[in-house]
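Working notes for the structure below.
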Amino acid sequence: MPGISKKGRQMPASPIRKLVPYAEAAKKRGTHVIHLNIGQPDIKTPKVALDAVRNHNIEVLAYSMTEGSEMYRTKIAAYYAKNDIHVSSEDIIVTTGGSEALSFVMGTIMDADDEIIIPEPFYANYNGFATALGVKVVPIVSRIEDNFALPPISHFEKLIGPKTKAILICNPGNPTGYLYRKEEIQQLAQLVKKHNLFLVADEVYREFAYEGRVHYSILQEKGLEEHAIIVDSVSKRYSMCGARIGCLVSKNKTVIQTALKFAQARLSPPTFAQIASEAALETPQSYFDDVIKEYAERRNILIAELQKLEGVRVAVPQGAFYCVVKLPVSNSDDFAQWLLEKFEMDGATVMVAPAAGFYATKGLGTNQIRIAYVLEKELLVKAVQILGEALKKYNT
């Protein structure tokens, strides 16, 4: 038969979704599977967003503007202004999710075989986007012992070469939950200006910061205007993962003009999803106050329960709704599959995301998992109890 492309063979499988067949088989056996593996919030989508779609009287579902509706982009700019990020509608391209935004960014600023430095562990799909575009990911290790803080700038310096075009961070981080301090952003800003690189920040979890911490955007840093590119999304902010609406934001006009050509090739972002996303911007602050309070409580309970388990180490997240957990196992992929195939407690088991898929360096993360605390507190407690009993049995 005709052959598959080399690029296709190299595309990595999702560490988050590759265990789905085992989970489905477990459910068919009657086992209740508690999903700790995917960042799908259980928080209700704001009613104002859903009502905007329900009550719309569109008679022709037409293309929107390639860069997204002007009214929506103007309102996004107003949202950013409330967060001390000052951009105009012309600095924004609406995309089909944050994923498309990042793909456009890589296509805009990088050629095949160019390099992008990313602190690892990182969102697994960064590997997929890079592979699809022929870009080389150069990982720089952040350590669970340091709570996954920014690695020393001197380590970045050693990795910068003639092919380096950008540094990419996720802030707050997926899968680590680490929230970069203002001082760390400023260190990166100095570095990219020194070496004439782009600094790309995936800021989709901006609202999710705990213990009084405040998110500091790369677009708040003065003098970084030509270097800074933000990737954003409504998915987590408003619990609207299925809307598939994100955006690319930069004050660099050449970046925006070039990314727009990639956007033209896919015509336009979805119209109804933009309507819902525009309406979501009217969500009252009380919604976010309640959501952050809930996630902070979930985080605290989850961390407290995990810290009770013998041989387990957990990095304490400061933002987002994920944490990385080091387990007393040698192969978390095998353990995660075993949980679904061979273990249950009181008719239930847990599904986790093996962390090796969040690293680019082979051999790292093999004894770690990512947990998403997007479930009710009682279910999180039960899940950790199951995890504890499973570890005892798995290691005997």
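Things to note:
- Test: residue in the range 113-122 that is in a loop (DSSP other than H, G, I, E, B) and over 17 Å from the mean Cα position of the chain (by Cα): yes
- Residues in the range 298-335 that are under 21 Å from residue 172 (Cα atoms) and open to solvent by 60 Å² or more (accessible area, probe 1.4 Å): 300, 313, 326.
Per-residue answers, yes or no, for (1) closer than 28 Å to residue 321 by Cα; (2) crowded, with 17+ Cβ neighbours inside 10 Å; (3) small (Gly, Ala, Ser):
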residue	(1), (2), (3)
7	no, no, no
34	yes, yes, no
49	yes, yes, yes
56	no, no, no
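- Output for the range 95-112, where each listed residue is in contact with a Gly (Cβ under 8 Å, 6 or more places away or on another chain) and open to solvent by less than 10 Å² (accessible area, probe 1.4 Å): 95, 97, 101
- First in the range 282-309 and in contact (Cβ under 8 Å) with a residue 24 or more places away in the chain and in a helix (DSSP H, G or I), second anywhere and surrounded by 18 or more Cβ atoms within 10 Å (Cβ to Cβ) and acidic (Asp, Glu), Cβ under 9 Å, 6 or more apart: 288/207; 291/207; 292/207
- Given (1) among the small types (Gly, Ala, Ser); (2) under 20 Å from residue 165 (Cα atoms); (3) within 21 Å of the chain's Cα centre (by Cα); (4) surrounded by fewer than 24 Cβ atoms within 10 Å (Cβ to Cβ), number of the condition residue 223 does not satisfy: (3)
- Any hit, the range 74-87, residues being more than 30 Å from residue 161 (Cβ to Cβ), touching a strand residue (DSSP E or B) at 6+ places or on another chain (Cβ under 6 Å), part of a helix (DSSP H, G or I) and not hydrophobic (A, V, I, L, M, F, W, C): no
- Single unsatisfied condition, residue 156 versus (1) closer than 21 Å to residue 316 by Cβ; (2) free of Cβ contacts under 8 Å to residues at least 40 places away in the same chain; (3) among the aromatic types (Phe, Trp, Tyr): (1)
- Scanning the range 167-203 for residues that are open to solvent by less than 10 Å² (accessible area, probe 1.4 Å), closer than 18 Å to residue 223 by Cα and not in a strand (DSSP E or B) yields 184, 185, 188, 189, 191, 192, 197.
- Test: residue in the range 219-242 that is without any contact (Cβ under 8 Å) to a residue 12 or more places away in the chain and part of a helix (DSSP H, G or I): yes
- Conditions (1) farther than 22 Å from residue 375 by Cα; (2) under 23 Å from the mean Cα position of the chain (by Cα); number of the one not met by residue 295: (1)
The values are calculated or read from the model by the stated rules, or taken from the named source; none is laboratory data. Everything numeric in this text was worked out from a predicted model, so none of it was measured. Every residue, glycine as well, gets a Cβ built from its backbone with ideal geometry; the counts of neighbours run over all protein chains shown. When the accessible area is computed, the model is the full protein with side chains, heavy atoms only, and any ligands, DNA or RNA have been set aside. Shrake-Rupley method; radii C 1.70, N 1.55, O 1.52, S 1.80 Å.
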